[in-house]
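The values are calculated or read from the model by the stated rules, or taken from the named source; none is laboratory data. Every value quoted in this text rests on a predicted model; they were computed, and no experiment measured them. Cβ: placed from backbone, ideal geometry, glycine included. Neighbour counts: every protein chain shown. To get the accessible areas, we keep the full protein, side chains included, count just its heavy atoms, and leave off ligands, DNA and RNA. Shrake-Rupley method; radii C 1.70, N 1.55, O 1.52, S 1.80 Å.
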Amino acid sequence: MGVALRKEKHYTYADYLTWPDDARYELIDGEAFLMPPAPLVEHQEVAGEVFRQLADQLDGQPCRPYIAPVDVRLPRTDEADAAIDTVVQPDVLVVCDPGKVDRRGVRGAPDWVLEVLSPSTAAHDQIAKRRTYERAGVREYWLVHPGDRTLTVYVLENGQYGRPEIYELKDETPIGVLPGVSIAWDALVTRLPKPEY
């Protein structure tokens, strides 16, 4: 995931807005992480296909899907935007409360988030971002590992993610927080490069 800019500095959304557009960063608890260059094709295949399926299934409903890059500001309380120290860019997300969406992106926890794991981001997504999404109140968090053809699902219960469920990328997987919505994997998996072992 890249290293923090400077650990001795606590960054906020106000700082984030001043950075150049030719590099993407995420902020977690005031620490800035440079996002890697363009992801691998399988990453884009998964994110794009999941977004397409969500857009089709949620058409005309209040829940709206988004695909990176979109800034998700995660305030701890009711602090002003400029003071927020956590800003992430999930690969795919769904927001059911239109009041959380503004021209700059999303303020507050999405209902559902998917991150596609890659070698450069796997540890960051599985550890730092999982903790961040849990604290913020993301109701369901999916991690797709294209190489292993697996899906890890965390569901928020009583403010915490319990033990995850792990699935193969096959058939369909329902999204628990979006009744009637599921992701079909079979056609997508046939388009992914063969795993390298």
Filter the stretch 40-70 for residues that are out of contact with any helix residue (DSSP H, G or I) (no Cβ under 8 Å at 6 or more places or on another chain) and among the charged types (D, E, K, R); the one that is farthest from residue 142 (Cα to Cα) is 59
Filter pass, residue 82 being touching a helix residue (DSSP H, G or I) at 6+ places or on another chain (Cβ under 8 Å), hydrophobic (A, V, I, L, M, F, W, C) and open to solvent by 20 Å² or more (accessible area, probe 1.4 Å): yes
Pick from the stretch 1-36, criterion touching a Ser or Thr at 6+ places or on another chain (Cβ under 9 Å) and either surrounded by fewer than 16 Cβ atoms within 10 Å (Cβ to Cβ) or more than 27 Å from residue 78 (Cβ to Cβ) (or both), ranking: modelled with the lowest pLDDT: 1
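To keep it simple, each residue is scored yes or no on (1) open to solvent by less than 10 Å² (accessible area, probe 1.4 Å); (2) within 12 Å of residue 72 (Cα to Cα).
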residue	(1), (2)
99	no, no
105	yes, yes
115	yes, no
124	no, no
128	no, no
131	no, no
134	no, no
Expected output for the stretch 68-81 (first residue assigned to a loop (DSSP other than H, G, I, E, B), partner of a type in the set (S, T, N, Q), Cβ below 6 Å, 6+ apart or cross-chain) is 68/89; 69/89; 74/86
The condition of being touching an Asp or Glu at 6+ places or on another chain (Cβ under 9 Å) and among the polar types (S, T, N, Q) holds, among 86, 18, 77, only for 86
Counting just the residues of the stretch 136-146 that are not charged (D, E, K, R) and not in a helix (DSSP H, G or I), which one comes out surrounded by the fewest Cβ atoms within 10 Å (Cβ to Cβ)? 137
State which residue pairs qualify: first residue free of Cβ contacts under 8 Å to residues at least 12 places away in the same chain and inside the stretch 160-187, second residue part of a strand (DSSP E or B) and of a type in the set (A, V, I, L, M, F, W, C) in any location, beta carbons under 7 Å apart, and separation of 6 or more residues or different chains. 162/155
Of all residues in the stretch 37-79 being open to solvent by 30 Å² or more (accessible area, probe 1.4 Å) and polar (S, T, N, Q), which is nearest to the chain's Cα centre (by Cα)? 44
